[in-house]
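Note sheet for the following structure.
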Amino acid sequence: MSIKGSWLSHYPETIATEIDIPNIALPQMLKDTAEKYPQNSAISFYGRKFTYQELQGAVTAFASALQNNGVKKGDRVALMLPNCPQYVISYFGALTAGAIVTQVNPMSVERELEHIFTDSGAETIVVFDALYPKVKSVQSKSSLKNVVAVSLQPSGQEFAPDYTFETFMGSAKQSFQPVSFDPANDVAILQYTGGTTGRSKGAMLTHRNIFANVLQSYEFFKETMKVGQEKCLTVIPLFHVFGMTSCMNLSIYTAAESIMLPRFDLEEVLNTIKNEQPTIFPGVPTMYVAITNHPEAEKYGISSIETCNSGSAPMPVELMKEFEGKTGSKILEGYGLSEASPTTHCNPPFADRKPGSVGIGFPSTEYKIVDLASGTEELPAGELGEIILKGPQVMKGYWNMPEETANTLRDGWLFTGDIGKMDEDGYLYIVDRKKDMIIASGFNIYPRDVEEVLYEHPSVQEAVVIGVPDPYRGETVKAVLVLKAGKEATEEEIKAYCKENMASYKVPTIVEFREQLPKTAVGKILRRSLRDEVKN
């Protein structure tokens, strides 16, 4: 199938398939919105509202404080915060000062923090006060000099940070000195990947990469998006690249209100929907599972949500049907990765949506399927191979890792490590990660194929499938399940159900039931953790 294949025909004339990216840095995006919509609400956080004018003022003050504390263009400023107004202020304040934002997962342990701090060379960090002791325990092994602690409520802990957020904001002794940018080359974000194939890598995303993805997102959704009128439920962590772009940055570009919650708590989310009436809800499958299984979800006014963008993990088809049947919302499943700022594909709001597919390419995005062995042979529609892509949102490379960069970026193409296929219409289907494929008795088994069947079982709420060592087959299939509240099932019942609905070589030989599955902060099931349990 041609790179510029039939998928482009799905675009209406009103949606551009190629877009020009203005040569501006991310702080200019916020400044433009603040000038055009100064009194629009930018952030809603537990009833406290921040207008775009107020946000811009706080960002400039933070940037000035950074400069006063010795932060120069190109220095790294780490953020280790839950979703809160201080995150947005710190993020854009650091960028305004010319610094590179290093996003840090607040759930990281000391060993992971030491690697990120050492690798990035960050000298300043803005951290949630409850996590301050964890940062201090590794500070002596890093380049950290300035530690700014953010308190969202009294923590009960006694410590003396270098600065509280408030004292840091007031530390500027001179007015802000503007910084010049080269958006195409200046790195804005170091987005550390999960490190599933080794030590965590910092994807270098330039100002142009991230702004391009914002423009691509807007162009793709503009027929269903009202500038200056939308409300985005922002519960996906902003330190995650999906939340950063689809919630924070797209909201700022479209002058939308970002309704922030620091974590996904089902009752809190439902009450927030009831009280704030968001119109957009970017989420992950586990969030939709929780809402779908709430017995009174419809009573919380969830019909206010017009669009749900699902990303970060595959969306089981049965779950999508059940959620939409209950809520009346439309879920548009998409695909992306940290190295692409992140979004490259989505089911279009303006054309056919195909459940099970992640849709078609974003404007100015090219993609194809290549053979797994060499990565040089383009495969026809329907055949499985590695997904490779290119576009203005693709990273500059990995921070201080030239070999990893050369292996991932080849001849202008980003090799994703994901296995997928395209249909005749150019819709992309994600099958699995290359490393997640199970090889049992010579058969290639893709966990998602098995998981899709398991999700159709009436008692199963969550399912994950992994390969475990087997002396005869090499590997065999293990299913780890969480059952719905009040439902029961036995290992024998699950195996019998699978035998009726899939080829015999795919049927799990081991079925384990758990109360919950290990997940990332964004709610993505940690398949790697389950595999590590087997190794240990």
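The values are calculated or read from the model by the stated rules, or taken from the named source; none is laboratory data. On a predicted model such as this, the values are computed, not experimentally measured, just so you know. When we count neighbours, we look across all protein chains shown, and the Cβ atoms used for this are built from the backbone with ideal geometry, even at glycine.
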Checked the range 174-211 for anything aromatic (F, W, Y), at pLDDT 95 or above and closer than 19 Å to V241 by Cα; matches are F211
Do any strands (runs of 3 or more DSSP E) lying entirely in the range 411-459 carry at least 2 residues that are crowded, with 20+ Cβ neighbours inside 10 Å, and which ones are they? 413-422, 428-433
Is the range 182-197 home to any residue that is charged (D, E, K, R) and either buried (at least 24 other Cβ atoms within 10 Å of the Cβ) or under 30 Å from G47 (Cβ atoms) (or both)? no
Go through the range 34-48 and report how many residues are touching a strand residue (DSSP E or B) at 6+ places or on another chain (Cβ under 8 Å) and touching a residue at least 24 places away in the same chain (Cβ under 8 Å). 6
Count - residues of the range 364-378 that are in a loop (DSSP other than H, G, I, E, B), modelled with pLDDT of 95 or more and in contact with a Leu (Cβ under 8 Å, 6 or more places away or on another chain): 1
Under 8 Å between Cβ atoms, which residue pairs at least 6 apart in sequence (or on different chains) link something in the range 492-508 that is assigned by TED's automatic domain parsing to the domain that holds F443 and hydroxyl-bearing (S, T, Y) with a partner that is surrounded by 18 or more Cβ atoms within 10 Å (Cβ to Cβ) and outside any helix (DSSP H, G or I)? Y497/H457; Y505/A440; Y505/I445
Taking E366 as meeting all but one of (1) surrounded by 24 or more Cβ atoms within 10 Å (Cβ to Cβ); (2) under 30 Å from T408 (Cα atoms); (3) out of contact with any Cys (no Cβ under 7 Å at 6 or more places or on another chain); (4) not hydroxyl-bearing (S, T, Y), write down the number of the exception. (1)
Restricting attention to the range 265-288, the residues that are surrounded by fewer than 20 Cβ atoms within 10 Å (Cβ to Cβ) and farther than 18 Å from Q229 by Cα number exactly 6
Does V460 count as without any contact (Cβ under 8 Å) to a residue 40 or more places away in the chain, in contact with a helix residue (DSSP H, G or I) (Cβ under 6 Å, 6 or more places away or on another chain) and not polar (S, T, N, Q)? yes
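Mind listing whichever residues of the range 468-513 are at positive phi and either at pLDDT 95 or above or touching a Lys or Arg at 6+ places or on another chain (Cβ under 6 Å) (or both)?
Of everything in the range 468-513, nothing turns out to be at positive phi and either at pLDDT 95 or above or touching a Lys or Arg at 6+ places or on another chain (Cβ under 6 Å) (or both).
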Could you pull out the residue among A351, A381 that is more than 26 Å from L319 (Cβ to Cβ) and assigned to a loop (DSSP other than H, G, I, E, B)? A381
Which one of these is farther than 25 Å from Y398 by Cβ and of a type in the set (G, A, S): S142, S171? S171
Just the residues that are on the phi > 0 side of the Ramachandran plot and free of Cβ contacts under 8 Å to residues at least 40 places away in the same chain, please, taken from the range 279-330. G301, G328
Exactly one of (1) part of a strand (DSSP E or B); (2) touching a strand residue (DSSP E or B) at 6+ places or on another chain (Cβ under 7 Å) is unmet by T405. Its number? (1)
Considering the range 85-131 alone, what residues qualify as being outside any helix (DSSP H, G or I) and touching a residue at least 60 places away in the same chain (Cβ under 8 Å)? A97, G98, I100, V101, T102, Q103, V104, N105, P106, M107
Extreme residue, surrounded by the fewest Cβ atoms within 10 Å (Cβ to Cβ), among residues of the range 293-320 that are part of a helix (DSSP H, G or I) and modelled with pLDDT of 85 or more: K299
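Of all residues in the range 150-164 being of a type outside the set (D, E, K, R), at pLDDT below 95 and under 22 Å from V88 (Cβ atoms), which is surrounded by the fewest Cβ atoms within 10 Å (Cβ to Cβ)?
Q153
Working carefully through the options K31, K73, find the one that is outside the structural domain of E223 (by TED's automatic domain parsing), charged (D, E, K, R) and surrounded by fewer than 18 Cβ atoms within 10 Å (Cβ to Cβ).
K73
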Between a first residue in the range 405-427 that is over 26 Å from Y192 (Cβ atoms) and a second residue that is among the hydrophobic types (A, V, I, L, M, F, W, C) and in a helix (DSSP H, G or I), which pairs have beta carbons less than 6 Å apart while being 6 or more apart in sequence or on different chains? G426/W7
Test result for N209, in the same structural domain as I15 (by TED's automatic domain parsing) and surrounded by 24 or more Cβ atoms within 10 Å (Cβ to Cβ): yes
Meets criteria (in a loop (DSSP other than H, G, I, E, B), under 24 Å from E462 (Cα atoms) and out of contact with any Gly (no Cβ under 7 Å at 6 or more places or on another chain)) for P278: no
